[in-house]
Structure formats: C-alpha cells, structure tokens
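Since every read-out is calculated from the coordinates, none of them should be taken as a lab result. Please read these numbers as outputs of a predicted model, since none were measured by experiment. Virtual Cβ from ideal backbone geometry, glycine too; neighbours counted across all protein chains shown.
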Amino acid sequence: MSEQQVQAGSDTLTIAGRELRSRLLLGTGGFPSLELLAESIQASATELVTVALRRVEPGGQGSLLDVLERAGVGLLPNTAGCHTARDAVVTARLAREAFATDWIKLEVIGDEDTLLPDAPELLRAAEELVDEGFVVLPYTTDDPVLARRLVDVGCAAVMPLGAPIGSGMGVRNPYNIALIREAVDVPVVLDAGIGTASDAALAMELGCDAVMAASAISRAQDPPAMAMAMRRAVEAGRLARGAGRIPRRRYATASTSDEGLADFG
Amino acid sequence: MIVLNGQARDLDGQETLMGALDALGLSPDARGVAVAVDGEVVPRARWASYELAQGAHVEVLTAMQGG
C-alpha cells in the first residue's frame, strides 16, 4: 500500500466481507467517562469498538449505546469474563440478541492472574459458534499452531495477544506474531499488551492487519491524545511494512559513497 | 420466587418475564437488552408470553464498557 492509499482510506481491511477503513479497533473498557470515550473514538478514527455484556442495573442502561450510536461505530461484542466454552457460547448468543450482530470477539479465560486464554475451551467455543453462524474473532495466545486450528474451524480472523491484557508490555514475542501472520490466511489483529504507540507500530510492521487497543488508550493520562497516537502508529507501521525495511546488520554500512573523497595530504 | 440477576426475588404472582423486566425498570422495547432463562436465550418475540417456573434463573444483560 502507498501513503496515498493510506491517506485516502482505500487501504481497507476486510473481515468476513466487511470493509473497514481503520485498522485500529478500540476497546471501550476503562475510560474514566463516556465523554472521554467519545472523544477518543473520534481521535482514533476507529470503526469497530468492543462492548461487554453485563447484568442490567436498574435505571443504568442505554447511555453507552447512545454514545456509540452517535459516534457511528460498529459494535463488536465480547465474551469477556467467560471461563468455559458454555458460558462464552451463551454470552455470544445473548450478544447477538441484544445488539443484532453476528460478530463476536471470543474470549475464554483460563487463568485469573494472567487472563491468558484457555486453549481447549476457546477452540470448542469457536467451533460451536461458527456452526451457529457467528463471525468469530478469537482472542488467542501467540501460538501459531492454535491460530491455525482456530482458522481451521472457521474463525474469520485471529486476535493473538502481544502480552497479557492490560499489562502494557507490548509485543513480547515478535517472532511468533510474524509466524502467525504466515500461518493463517485470515486477518491477524494484535490484541492485548499494547502499552504505547510504538508497540502498535511494531505489530503492524510484523505484518498484523490491525491492532486492538483498550487500556493503552483508556487508562492513558490523556486518552484522546493517545487514541490519535495509536491511529498514526498503526498507519506508520502499515506503511513501513509495505515499504520494506532494510535488513539488520551488525556493522555499519556507509550511506555516503567514498568516491570523490578528498585527500588532505 | 425466582432468581433475577443473581438475587432471589418474589414477583408477587407476576412470575412472567415481563414481570421480571418490570422489576428491573425495563420496558419490553428496551434497547440493547438480552435475556436468558436457565442458560437459554429467550428471544424478544417470546418475552410477552414467557412464564417463569419457580426458582427460574433469569439473567437480564446489556452493554457495558469492556474489552
């Protein structure tokens, strides 16, 4: 892709037939206020944001959906907090009912401290949801084999973690992320672990098709400014990937030719 | 008695889904809401006629910030 394509928005990302001009997905969790969420959505230029499903609090519902509707973004419901395939499947069905979308960001958590995915439960849930007609985007580990298994059962994309959710530790295993990009033929969305803009740029340089950020933006001191930074980092990383970086070398390679070099005696 | 969003509730003879929603202050056309009874999704079209058994576990969910 060229700078013109990126600028003009023609370098689109297609997931399950749906075209997205922005390669940044935004999580809505952790924002101090709905106003800051709205400002950050605008600054990020995202077109797809995640929402969770939780129990109705009497008199409390509605305002989040109003904000998202005004922002004109698509909803990607998640199954955050689910620990079994059964819970995730029921939550996905409820999300479809509540938000009238077949898209689901599938999360099945296997450990409370790291919030790492439970691979067997994740795969089971993915298979069942694909069979039920869902567009499944699984949050997964940075394991290329598991990513391939998820695609084999019909997932529309894979969302490998860079580091544990909310840890801000960036992309801990860039080699695995690059391997995942080579292993599957669906979009790869780097999810979780992003701490700052350079992490998002690195993910894109490794070949990811998009980046999802939540805490990195929502818990930054200035969320809208960080949202803008992430947007530009994703664009920069995408451009750099397409531009083709120089190989790494241990020794210097002069960029200026010695030809015509003066000799001062 | 039913269990509504984790709390035991007596709906005073209104043991229907509409009674449960009413107890949460929700109207039948509430946006962005989904209901499960004993782990099974109850589509909106069936809310009006749905009777709840004694001890039914009703979960009424909606969008929250997350992910």
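Per-residue mean of other chain beta-carbon atoms within 10 angstrom of the beta-carbon, peptide B:20-26?
Mean inter-chain Cβ contacts per residue within 10 Å come to 3.
Enter the mean number of other protein chain beta carbons within 10 Å of the beta carbon of each residue in B:33-41, as an integer.
The mean count of partner-chain Cβ atoms within 10 Å per residue comes to 5.
How do A:CYS155, A:CYS82 rank when sorted from fewest to most other Cβ atoms within 10 Å of their own Cβ?
Going from sparsest to densest Cβ surroundings: A:CYS82, A:CYS155.
Rounded to the nearest 10 degrees, what's the angle between the helix A:34-44 long axis and the longest principal axis of chain A, both from Cα atoms, 0 to 90?
40 degrees
Loop by DSSP (not H, G, I, E, B), at most 15 other beta-carbon atoms within 10 Å: where is the longest site-free stretch of chain A for chymotrypsin sites (Phe, Trp or Tyr not before Pro)?
No qualifying site falls inside A:1-250, the longest such stretch.
What average number of partner chain Cβ atoms lie no more than 10 Å from the Cβ of the residues making up A:22-29?
Counting Cβ atoms of other protein chains within 10 Å of each residue's Cβ and averaging gives 2.
Using a basic spin-label model with each label point 7 Å from the Cα along Cα→Cβ, how many nm lie between A:THR114 and A:PHE264?
For the pair A:THR114/A:PHE264, the computed spacing is 5.9 nm.
Along the charge dipole of the stretch A:9-92, which of A:VAL89, A:THR79, A:ALA52 sits closest to the positive end, that is, farthest toward it, with unit charges on the beta carbon of Lys, Arg, Asp and Glu (+1, +1, -1, -1)?
Sorting the options by dipole projection puts first A:VAL89.
For labels at A:ASP185 and B:ASP38 in the simple 7 Å Cα→Cβ model, what's the distance in nm?
Computed distance between label sites A:ASP185 and B:ASP38 equals 4.6 nm.
At A:GLN42 and A:VAL145, where each label point lies 7 Å from the Cα along Cα→Cβ, what is the point-to-point distance in nanometres?
4.9 nm
Please report the antiparallel percentage of DSSP beta bridges with both residues in the protein assembly as shown, rounded to the nearest 5.
Expressed as a percentage, antiparallel bridges in the protein assembly as shown total about 50.
List, in order, the whole-Hz ³J(HN,Hα) value for each residue of the stretch B:34-51 obtained from phi through the Karplus relation with A = 6.51, B = -1.76, C = 1.60 and θ = phi - 60°; use x for Gly and Pro.
9, 10, 10, 10, 6, x, 10, 5, 10, x, 3, 4, 9, 4, 4, 9, 7, 9
In degrees from 0 to 90, rounded to the nearest 10, what is the angle of the helix A:223-243 Cα long axis to the longest principal axis of chain A?
50 degrees
Assigning unit charges at the beta carbon (Lys, Arg +1; Asp, Glu -1) and nothing else, what dipole magnitude in debye, to the nearest 20, does the stretch A:115-265 show about its Cα centre?
The dipole magnitude comes to about 460 debye.
Kindly put A:THR196, A:THR28, A:THR14 in sequence by how many other C-beta atoms sit within 10 Å of each C-beta, fewest to most.
A:THR14, A:THR196, A:THR28
Would you mind telling me which residue in A:SER33, A:SER215, A:SER22 has the biggest mean-square fluctuation in a Gaussian network model of chain A, where springs connect alpha carbons within a distance under 10 angstrom?
In the Gaussian network model the winner is A:SER33.
With chain A treated as a Gaussian network of Cα nodes joined by springs under 10 Å, which of A:VAL184, A:VAL56, A:VAL90 yields the largest mean-square fluctuation?
Among A:VAL184, A:VAL56, A:VAL90, the largest GNM mean-square fluctuation belongs to A:VAL56.
Quick check on the exposure proxy: order A:ASP263, B:ASP29 from fewest to most C-beta atoms within 10 angstrom.
Arranged by neighbour count, lowest to highest, A:ASP263, B:ASP29 become A:ASP263, B:ASP29.
Can you give the translational diffusion coefficient of the stretch A:53-139 in µm²/s, computed by Stokes-Einstein from the Kirkwood radius over Cα pairs at 25 °C and 0.890 mPa s?
181 µm²/s
How far is helix A:85-99 tilted off the main Cα axis of chain A, in degrees rounded to 10, range 0 to 90?
90 degrees
Provide the gained length on full extension for the span A:ASP66 to A:ASP102, in nm with one decimal, where the gain is 0.36 nm per separating residue minus the Cα-Cα distance.
10.9 nm
Pick from A:GLY30, A:GLY72, A:GLY17 the residue whose mean-square fluctuation is largest in a GNM of chain A, springs joining Cα atoms under 10 Å.
A:GLY17
For the protein assembly as shown, what is the per residue volume of the convex hull drawn over the alpha-carbon atoms, in cubic angstrom?
With only Cα atoms used, the protein assembly as shown gives 162 Å³ per residue.
Run the dipole for the protein assembly as shown about the Cα centre, Lys and Arg Cβ at +1, Asp and Glu Cβ at -1, nothing else charged, and hand back the magnitude in debye, nearest 20.
720 debye
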